Amino acid sequence: MGKSAFITGANGISGSAILEYLVANTTSEQWSEIIVTSRSPFKTTVSDPRIRFIALDFTEDSSKLAEKMRDVCKSVTHAYFCSYIHKETFEELNPANRSLFENFLDSLIEVASGLENVTLQTGGKHYNVHLHPVASPAREEDPRVKETIDNFYYPQEDHLIARQRGSKWVWNVIRPEAIIGSTQKPNGMNEALTLALYFSICKELGTDAPMPTNQRYWGGVDDVSYAPLIADLTIFVSTNPRCGNEAFNVTNGDYFTWRYMWPRLAAYFGVNATSDQVFQKEVPKEGDIQLDFTLADWSSDKKEVWNKLCDKKGVPGAKDTFEFGTWQFQDWVFQRTWSATLSVNKARKFGWNGHIDSYKSFTETFDRFRSFGMIP
Ligand SMILES: NC(=O)c1ccc[n+]([C@@H]2O[C@H](COP(=O)([O-])OP(=O)(O)OC[C@H]3O[C@@H](n4cnc5c(N)ncnc54)[C@H](OP(=O)(O)O)[C@@H]3O)[C@@H](O)[C@H]2O)c1
């Protein structure tokens, strides 16, 4: 009997990548079951007789969930938590996601007696990279810093570690940077799709495509995490006994500056952007937030242009994609005036050698959106 995976958030950018990884890279002798869950109906591009779907809402309390999961999840050995509720304010985001994980874990423990590993995906916000400059690259052992704004990753992680104590199973926590990946469903934080919309519309309008940021972020160092690569690391650590009860950062393994990456991405869509971009605003102080212009404002009157472009290119089905653009989220990322990257040295030390050129992680993702018919 092979291992039995339980992947939550299977409609999402991270959960779908773990599913696709297992389907593409494993046999039924290695993994005999792949149980997937999301709240809404399952939408996937892969098919495999090992896949079973169960709709679950992790806002329900754990005893109700356990009743629903008892039959389907009883043989689960490896669980991957990639569920996430997106809210625009931390006041709403934090309590929602904290209880989501607690309900999942408590119900799973009740029904899966042969559990071997539970992996929780969190992210770079663990290090407060979103709030202010931090020691960079951030390392897994960096101490937590108490902030005035709560961080839901901490209670999720604490609950995982507390529930594991004295158990046979082990835990992992995976911490990616901004995820470059594709799903066919809307996602609260979708950088690649938002950029694809922006560049495509600029091309259609015949304008240049400057980066909506500030001079510090433009010239600073950044990194991103490709969803299929996160899946690769996730399966590696969760099935490797040496990696038990450890947290791991995961990025593409390279660093880049937006000043040089941005024009390459623009060129991929056939639109002009220059590494000598002229900014309207002065160089900001490190730690401030600043945007030369916002994607939220820019996008507010572009829906018609997108619709016309989709018709012109013969892909009217892509019109809805405009609504998937996470304009506000992207503004929030690009307004930073500091570089914050993650170290992947720990994963390397434990034997993981995954990497991808970040430019390629973007273009492969753009190509997938195209193959899904989501962009012309
Ligand atoms: N996306 C990024 O750039 C990024 C970067 C760093 C870290 N992270 C972290 O990675 C983790 C996973 O995020 P993600 O971006 O992969 O998520 P995502 O693409 O937004 O997917 C979230 C998934 O959670 C499911 N879900 C939502 N509400 C649910 C509920 N009440 N009960 C059960 N399932 C529910 C959704 O199901 P339906 O679609 O069926 O509703 C969806 O499958 C989060 O902790 C996030 O903070 C994300």
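The values are calculated or read from the model by the stated rules, or taken from the named source; none is laboratory data. Everything numeric here is computed off the predicted structure, so don't read it as measured data. Ideal geometry is used to build each Cβ from the backbone, glycine not excepted, and the neighbour counts take in all protein chains shown. SASA here: full protein model, heavy atoms, side chains in, ligands and nucleic acids out. Shrake-Rupley method; radii C 1.70, N 1.55, O 1.52, S 1.80 Å.
Here are the numbers:
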{"item": "Rounded if a/c under 1.5, otherwise prolate or oblate - region 31-76, Cα gyration tensor axes", "result": "oblate"}
{"item": "0 to 90° range, to nearest 10: angle between helix 358-371 axis and the chain longest Cα axis", "result": "90"}
{"item": "Backbone HN-Hα couplings from phi across region 27-39 [Karplus 6.51/-1.76/1.60, Hz, Gly and Pro as x]", "result": "9, 6, 6, 7, 10, 8, 9, 10, 8, 10, 9, 8, 7"}
{"item": "Low-density loop positions, trypsin sites (Lys or Arg not before Pro), region 247-313 - DSSP coil, at most 11 other Cβ in 10 Å", "result": "281, 285"}
{"item": "Folded to 0 to 90 degrees: helix 153-164 orientation relative to the chain principal axis, Cα", "result": "20"}
{"item": "Relative contact order computed over the chain (Cα-Cα under 8 Å; 6+ residues apart), in percent", "result": "19"}
{"item": "Karplus-derived HN-Hα couplings along region 245-260 (A = 6.51, B = -1.76, C = 1.60, θ = phi - 60°), whole Hz, x at Gly and Pro", "result": "6, 9, 9, 9, 6, 8, 9, 5, x, 10, 10, 8, 10, 4, 3, 9"}
{"item": "Using alpha-carbon coordinates, inclination of helix 303-312 to the longest axis of the chain, degrees", "result": "90"}
{"item": "Global form of region 270-376, assessed from the alpha-carbon gyration tensor, a/c cut-off 1.5", "result": "oblate"}
{"item": "Region 201-299, accessible surface, carbon-and-sulfur percent (1.4 angstrom probe)", "result": "49"}
{"item": "Accessible area of region 111-164 belonging to carbon and sulfur atoms, whole % at 1.4 Å probe", "result": "53"}
{"item": "Approximate spin-label separation residue 333-residue 30, in nm, with each point projected 7 Å along Cα-to-Cβ", "result": "3.0"}
{"item": "Kirkwood hydrodynamic radius of region 9-63, Cα pairs, Å", "result": "11.9"}
{"item": "Region 24-166 - percent relative contact order, Cα under 8 Å, separation 6 or more", "result": "22"}
{"item": "Gyration tensor (alpha-carbon) shape descriptor, region 1-115, a/c threshold 1.5", "result": "oblate"}
{"item": "Computed P(r) (all Cα pairs; region 64-180; 5 Å bins; percent)", "result": "2, 10, 20, 22, 18, 13, 8, 4, 1, 0"}
{"item": "Qualifying lysines (Cα of each under 22 Å from Cα of residue 43; at least 8 residues distant if same chain)", "result": "68, 185, 319"}
{"item": "For residue 80, residues with placed amide H under 5 Å, excluding near neighbours", "result": "6, 7, 8, 119"}
{"item": "Length released on extending from residue 89 to residue 267, taking residue separation times 0.36 nm less the Cα-Cα span", "result": "60.7 nm"}
{"item": "Accessible solvent surface per residue of the chain, calculated while the other protein chains remain in place, 1.4 angstrom probe, Å²", "result": "42"}
{"item": "Contact order relative to length of region 187-332, as percent, for alpha carbon pairs under 8 angstrom and 6 or more apart", "result": "39"}
{"item": "Estimated distance in nm for a label pair at residue 208 and residue 313, the labels positioned 7 Å out from Cα along Cα-to-Cβ", "result": "2.3"}
{"item": "Listed pairs 87/346; 3/74; 3/64; 125/146; 203/312 exceeding 22 Å between Cα atoms", "result": "87/346; 3/64"}
{"item": "Principal axis dimensions, largest first and in whole angstrom, of region 205-256 by Cα", "result": "53, 25, 14"}
{"item": "For the chain, convex hull of alpha carbons as volume per residue, Å³", "result": "134"}
{"item": "More than 13 angstrom apart: percent of Cα pairs within region 163-207", "result": "70"}
{"item": "Estimated distance in nm for a label pair at residue 148 and residue 60, the labels positioned 7 Å out from Cα along Cα-to-Cβ", "result": "4.0"}
{"item": "Estimated FRET transfer efficiency when R0 is 22 angstrom, pair residue 276-residue 359 (beta carbons, to 0.05)", "result": "0.70"}
